[in-house]
Amino acid sequence: MNITQSKKGDNLISIKINVEKADYEEMVEKTLRQMRHKANVPGFRPGMVPMGMIKKMYGASAKMEALNNIVSDNLNKHIFDNKLDLLGYPLNDTELQQPTDLEKEDNIDFYFEAALRPEINVDFTNTMVDFYHIVPTDEEVDKVIEDLQQRNPNTSHPETVGEDDRLEIKIREAKNGKEVEGGYEKDGVYFNMSQIKNKTQRKKFIDKEVGSEFVVNFAKVFGSEEEAAKVLGNDAPAASDFNIIIDDAIRNEKPELNEEFFEKIFPKKDIKDLDAFKAAVKAEMEKQHEAETDPILFNKMIDELVAAVKFDLPDTFMKRWIVENSQGNITPEDVEKNYEKEYVKGLRWQLIEDSIVKANPELIIKDEEVKDFVLKQIFPGIDYASLEDDMKANLDKIAANYLKDGKQVEQLKNQLADIKMTAFLKGKMNINYTETSPADFMKKLEGDGKKKKK
């Protein structure tokens, strides 16, 4: 066995593997003995077929199998021992490889062509990306505050029923104003006053005191037996009269914009006045806009780096590699036609990204980061570090179950890698931000989309 390596061109090498008979002879003999033991040939008992016949029948295939294994193992060993940093995997060198008669030749040469990763120096100082810093308008901030008030109401329990209250009642089936012995009954029935559309029926409840007891027909109250069943339960006789007792009235009221409300929305920020609260809401909105537009900025930063970082690709080799690794799905004509448009940017960015990660190992995604990422997606806003051990153990089980799907884990790793790389590049590259409103940003985005289509 002899392996030699020579330079073939810029970032291209040729690897020659010379295999002698002594390298594979024993392996072939072992394979043939196994075949003889298993062979089922008419006229011979199992294991008694003459070796000469076995060699004639299976010699070429056994030799090919042995050569494939030896060449593959030694090619991989050569790559590992020489620390070759390759693009893809070596291909057969069609220029140097000679036709071989396996049955007649004992010493055989195998030639491979391999592409070395180019040396890449990523200099961020000369990069420049134009982008937008989205600043919400005062009207948009006020709208979000209004929404926060709606979603975080003050809850009270008034003594009398109001127009928009939620009621908790007991129901007992009744007939002629009296409860039916053994009839349908249920506690803890809830409904909103807004579900009662008929004004006459609503008046039966408005201003009633908690604890009041009276008879109603829920099919009339809610407009139909079907709507009544949604409130009472499908097993209830929705057409019947019911004696009801109002157990509770629950009223949600719009909270005042005071320190108590500020603390509820932004715990531990010690916000004292409305101006400071609006500023905090605005800052959170800006963060949200930034997170939503980061993928767009990421693509712009990739475009800038692909254009700015100069290195040569072994294009001829890469075109062959794409075709041979497509399992017949891509033809040489397809690659030739679409190479610049569909492949070059991706190849160049992959090499640049690998170079950045190699120089900055903190960008490598760790399993613990994936678990934390999953927990934040399932339980947004949770402070994992502050939880009790039992709760942490339960969350860990949920995350572990979620991460059993290997394909899903790979998608999460890619997503997390993009997030980390985006943050890294934002800290390294020169970005010229222009302030704009959310509405104007969308217009600019639509305009950019139309330009690309043209």
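Some points to look at:
- Filter result for A114 (in contact (Cβ under 8 Å) with a residue 40 or more places away in the chain, surrounded by 15 or more Cβ atoms within 10 Å (Cβ to Cβ) and more than 30 Å from A39 (Cβ to Cβ)): yes
- Residue within the range 96-118 that is basic (K, R), assigned to a helix (DSSP H, G or I) and closer than 30 Å to D10 by Cα present: no
- Some residue of the range 147-165 being in contact with a Lys or Arg (Cβ under 7 Å, 6 or more places away or on another chain), among the aliphatic types (A, V, I, L, M), closer than 30 Å to Q201 by Cβ and in contact (Cβ under 8 Å) with a residue 60 or more places away in the chain: yes
- Here E340 clears all of (1) within 30 Å of the chain's Cα centre (by Cα); (2) surrounded by 12 or more Cβ atoms within 10 Å (Cβ to Cβ); (3) modelled with pLDDT under 95; (4) not basic (K, R) except the condition numbered (2).
- Among residues of the range 302-337, those that are among the aliphatic types (A, V, I, L, M) and either surrounded by fewer than 14 Cβ atoms within 10 Å (Cβ to Cβ) or not assigned by TED's automatic domain parsing to the domain that holds M429 (or both), counted: 1
- Residue within the range 259-270 that is surrounded by 17 or more Cβ atoms within 10 Å (Cβ to Cβ), closer than 30 Å to I134 by Cβ and out of contact with any Pro (no Cβ under 8 Å at 6 or more places or on another chain) present: yes
- Among the candidates I364, I322, I352, I330, the residue that is within 28 Å of L403 (Cα to Cα) and among the β-branched types (V, I, T) is uniquely I364.
- Which numbered condition I13 fails, given (1) modelled with pLDDT of 90 or more; (2) hydrophobic (A, V, I, L, M, F, W, C); (3) outside any strand (DSSP E or B): (3)
- Residues within the range 16-29 that are part of a helix (DSSP H, G or I) and under 49 Å from the mean Cα position of the chain (by Cα), tallied: 4
- Applying the condition of being among the charged types (D, E, K, R) and out of contact with any helix residue (DSSP H, G or I) (no Cβ under 9 Å at 6 or more places or on another chain) to the range 31-55 and asking which residue is farthest from D85 (Cα to Cα) yields R45.
The values are calculated or read from the model by the stated rules, or taken from the named source; none is laboratory data. Owing to the predicted nature of the structure, the values given are computational and were not obtained by experimental measurement. Backbone-built Cβ (ideal geometry, glycine too); neighbour counts: all protein chains shown.
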